[in-house]
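Before any comments, here is the structure.
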Amino acid sequence: MLLMFLVDPLTTPRPWWMKKWVEFTAAVKMLAPTNAFDFFTYSELLYWFTFITLINPFRWKWFLFVFFGIGKNLPWKSGLAASFAAVSTISLPGMPR
């Protein structure tokens, strides 16, 4: 997901939405025995991934990559993505290709 945010500027969350997400999570977990962000359950993580991916139409093209890691040719067009792809194809001595 971080790769999606770094490579595609249209998918980057806005500060206002990030603050609202923190407030929402704190309100939902108000009755929890610990603070809202002390721990996450697996279902919360899946809900967060789903919500973050589906709320912004620019993130839809990244769905398979975010959830399943599928995508040799990722949906990227920026220069940062091209440089990342070039670096990731370099093989180190002694490392299998």
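The values are calculated or read from the model by the stated rules, or taken from the named source; none is laboratory data. Every value quoted in this text rests on a predicted model; they were computed, and no experiment measured them. Note that each Cβ is placed from the backbone with ideal geometry, even for glycine, and that neighbours are counted across all protein chains shown.
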Problem set entry | the range 10-23 residues that are free of Cβ contacts under 8 Å to residues at least 60 places away in the same chain, paired with ones that are among the aliphatic types (A, V, I, L, M) and surrounded by fewer than 13 Cβ atoms within 10 Å (Cβ to Cβ) (beta carbon under 8 Å, 6 or more apart) | none
Seminar exercise, completed: When the range 1-52 is checked residue by residue, the ones that are loosely packed, with under 10 Cβ neighbours inside 10 Å, at pLDDT below 85 and in a helix (DSSP H, G or I) are Leu2, Tyr42, Ser43
